[in-house]
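Report on the following structure.
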Amino acid sequence: MNPFQPQANHQFNPFEPHPELDGVTAPDDIDWVSNSDPFSMFASRGMAPPKMPSPSEVRREAQDRSTNIFAYHEKLQSILERHEATIQKRWEKKTRTQRLGVLLQAWPDMPLTHRPDFAAFRKHAGNLNSVALQHRSSFIWPIINQEDLGDPRTLTLLLNSRGRHHPHSFAASDGEVMHLGKVTMAIVPIFLNQYVMTLNGMTRQEDYGRLIAWDEHEDAFDWMHTRKQFLPGEGLLILEFQERLLEFLVDCCKTILHDIPLDQIASNKFAIQPEPPLRESLDATGFSTLSIMAKEAPYRPPARLDLQNIESLLSARTVRAEDHIWSLREDPSYFAETMLDMKEHLQRDDLPWARVISSVLVESFSQLESFTELRNQATHLLELSNKYSSEIIPQKDLPEEYLEALLRFRHYLNQVTKGVLNQLGQSVAASPPMRAFFIRNVFGSINSSTINIMPSRAKRDKTTQQLIWLLQTLWQDDHDLFLCRMTTVVDELDRLLKAEHKALELVSPYVAMLIGELSITGECLRQLEIFQPWANGFEQALVDREEGIKKEFTEHTRVWTKVHDTLKEQNSITISQLGDPSGGRFQYPVGKRQNKANVETLRRSEANLDAFWIAVDDMLYQKAGSLNDTAYKQVLSQPRYLQRTPEWVEPAAKKGETHQQKNESYNYVPSSSRLFQETEPALSARAEALASGAGKTKVKRHGMPGAESTSENDTVPPPPGSLADFQPTFKVDARALKVFRIVFFDPAANTSAGEVAWRDFLHAMDSAGFTAQKLYGSVWHFQPTRLDVERSIQFHEPHPRGKIPFLVARRHGRRLNRAYGWHGTMFVLKDNN
């Protein structure tokens, strides 16, 4: 495969099956050890075959390591019960140089960098077999490195988790830590057929690392087959991992507590103390981040499957997809910016607008459908988890209903992720910051979809090379992506963007958004990966279920595919003139002082936008039907309003108006859609009238002065945030109040348009009752903690500047209004006395 040939203008259908990402089929050049012939692939690669010790040798090694593990664990537990608070205080007070001195005394050849296995793989990818022995330690203990453990917090986390929890609870996750080493064959386990080693759930020393022949226990073969227990080679690696790690931690404690005699350090001379709390993990700005959580995960106790967090992430992402649909319909400037941004990322400046419009429509529809489905499945999984909570124990199989739901969720996650990876492949080389590093050859006419993307001769420094390698690994290199895992590559990409400002400058806001998408689906996949010991058996569980899951996926997404086909470029030609943003068609001077000319411009742009969407809805209805059972129709069927600018009234005519009338700055009109108003006549004629400025839609104001209606029977509910809604008053400081006055900008009130510093926005959301968490890319997740609502919401951090432009801040206000009914008059300055 040519890594520079992504078929840039081929429209990816996110609803077609993509089994190559489904975790089932490895790339063609990946082989696995076969019980019938474990040596052929080693010979083909010029490698020595795996060692084949006798059962007695394996049993003896396992027993020796198990004995040491329990001895070290008992010692570490006793030390922490008496001195953990002292260790934490002393460790935090040490300089980094002093901390490294302690670490290197206990582990002299400790690697320098985070994920040394990944670094070795990148450096020696084409010749890893010949240097595997040199890097064996890095592949077995990738969590042991100076960069991570030199942090004032990481070692204390590791001490707490390993000293306060039994070794068996880490067995499966410790095996997963070595994933890259095993799949690249940098680590080659010993081979012993027809035996299984027990570790999961084994609390007694005599059972931990016990070697059992298949014919010695009726469940032995099933334990190996379903991956509830381990192959002997895997088990020995886990025992080796734990033995050396616990020895290292005991040695670190002895050095930190150097003033206590070794024979007294764990004795009853010191009383057992309550377990000290661990500080919350926050970044330099004082907020939680997904990257910190991912970095610390290997040093904490194995996490349970956090379905509530998964549901929260997916629910907020679904709301963002809904808001994207509404913003495209309501805000002419947002619509125009979205079209222009997509055009910049389609790898050709001379593309017809029909292709750009088609891409935006398909992307917005597919995002909404995909994340709505994932959210619904996560909600169902949470219900099943509660239903079967008493049956989900490591020694038992998962309930069939729960297992099938997990495998189905995993399949859908992989399909959505594949769609994002394809979008990334189409966008990176075309993005303005990256264009200099690629050249394109267009074959055929302007309508040709064949483009060959090649590396240019532009000089790439080390940071640029690393960034492009990571991005290419994500979008195209199936071999490397399979070996490294998508979650690992995204983690490394996020670390690079944080560490190197040059890398951040090379990522456009749209590409940063796609990285954020991968952080959401990647976190969901990561949660499934840590659901041990059952995650180890997912592949085997799929054998008899895969075809059924794929068939169900195809059936479920059939209507999605129909919409995708309807919105193809050749069909979008008929609406392209209405959606073409060039020529100021969607100019929207909403932040300027109101006068007759500006108001007419606002109203003309709004009418042009309404005309476009009426045409789109008409096309969808004619070619794809009413779209029953789709999230798209459900969203458009909601009783929501579009904010529209009223006609200009000369100031002289306003003398008799009340204060309330002066602040009535917008009309609110229902979103007209053929998809749920099938009897609406002559839609194309209405679109034509709107485009010419003739269409005027007014809605009853439910008792508000000056209300007008097209019908006496118009009883559509009032728009969110209207005077008919009751909302509490938020008392906030001046800094937060300034933010809310901009995001809920009212041109008729005494508010001024302006930029909002991102940190000020975070502060304002915190003041209103939200906690913020940084995901990857530009996505931030806001979870309500002091409000009577559970609905989360996500916003993009401005990139590369830390300022939210006024128009974007105003859109944030509209999203908050749609989600929570908030409006500007709810926020007042608190009394500091």
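How many residues are aliphatic (A, V, I, L, M), closer than 23 Å to Phe437 by Cβ and either in contact (Cβ under 8 Å) with a residue 12 or more places away in the chain or buried (at least 20 other Cβ atoms within 10 Å of the Cβ) (or both) when one looks only at region 487-543?
15
Between a residue in region 464-480 that is farther than 14 Å from Val428 by Cβ and any residue that is buried (at least 20 other Cβ atoms within 10 Å of the Cβ), which pairs come within a Cβ distance under 6 Å, given they are 6 or more apart or on different chains?
These pairs meet every condition: Asp480/Thr473.
What residue, of Ser778, Ser752, is at pLDDT 60 or above and surrounded by 20 or more Cβ atoms within 10 Å (Cβ to Cβ)?
Result of the check over Ser778, Ser752: Ser778.
Show the residue pairs that are 6+ apart or on different chains and have beta-carbon atoms under 6 Å apart, the first residue being within region 638-662 and closer than 28 Å to Gly821 by Cβ, the second being surrounded by fewer than 16 Cβ atoms within 10 Å (Cβ to Cβ) and modelled with pLDDT under 55.
Pro639/Pro717; Gln661/Pro705; Gln661/Gly706
Please go through (1) among the hydrophobic types (A, V, I, L, M, F, W, C); (2) modelled with pLDDT of 90 or more; (3) farther than 21 Å from Val616 by Cα for Phe538 and return the number of the only condition it doesn't satisfy.
(2)
If you go through region 562-580, how many residues are surrounded by fewer than 22 Cβ atoms within 10 Å (Cβ to Cβ), in contact with a Phe, Trp or Tyr (Cβ under 9 Å, 6 or more places away or on another chain) and part of a loop (DSSP other than H, G, I, E, B)?
The number of residues fulfilling the criteria is 1.
Examine region 369-386 for a residue that is over 19 Å from Glu552 (Cβ atoms), in a loop (DSSP other than H, G, I, E, B) and not small (Gly, Ala, Ser), and state whether such a residue exists.
No, there is no match, as no residue in region 369-386 is over 19 Å from Glu552 (Cβ atoms), in a loop (DSSP other than H, G, I, E, B) and not small (Gly, Ala, Ser).
Only one of (1) charged (D, E, K, R); (2) farther than 13 Å from Leu314 by Cα; (3) crowded, with 22+ Cβ neighbours inside 10 Å is not met by Asp397, so which one is it?
Among (1) charged (D, E, K, R); (2) farther than 13 Å from Leu314 by Cα; (3) crowded, with 22+ Cβ neighbours inside 10 Å, Asp397 violates only (3).
Identify the single condition in (1) assigned to a helix (DSSP H, G or I); (2) under 26 Å from Asn536 (Cβ atoms); (3) modelled with pLDDT of 90 or more that Asn129 does not satisfy, given that it satisfies every other one.
Only one criterion in (1) assigned to a helix (DSSP H, G or I); (2) under 26 Å from Asn536 (Cβ atoms); (3) modelled with pLDDT of 90 or more is unmet by Asn129, namely (3).
Within the set of pairs 6 or more residues apart or between chains, which connect a residue that is in contact (Cβ under 8 Å) with a residue 12 or more places away in the chain inside region 794-811 to a residue that is surrounded by fewer than 18 Cβ atoms within 10 Å (Cβ to Cβ) and of a type in the set (Lys, Arg) with Cβ atoms less than 9 Å apart?
Gly802/Arg759
Give the residues of region 87-120 that are crowded, with 19+ Cβ neighbours inside 10 Å, more than 12 Å from Leu149 (Cβ to Cβ) and β-branched (Val, Ile, Thr), sorted by residue number.
Ile87
So, in region 790-833, how many residues would count as being small (Gly, Ala, Ser) and part of a loop (DSSP other than H, G, I, E, B)?
Qualifying residue count for the region: 3.
Check region 208-221 and report whether any residue there is basic (Lys, Arg), within 29 Å of Leu403 (Cα to Cα) and crowded, with 19+ Cβ neighbours inside 10 Å.
Yes.
Only one of Leu199, Leu180 is crowded, with 20+ Cβ neighbours inside 10 Å and more than 30 Å from Asp480 (Cβ to Cβ). Can you tell me which?
Leu199
The values are calculated or read from the model by the stated rules, or taken from the named source; none is laboratory data. What you are looking at is a predicted structure, and each value in this text was computed from that prediction instead of being measured. With ideal geometry, Cβ positions are generated from the backbone for all residues, glycine too; neighbour counts draw on all protein chains shown.
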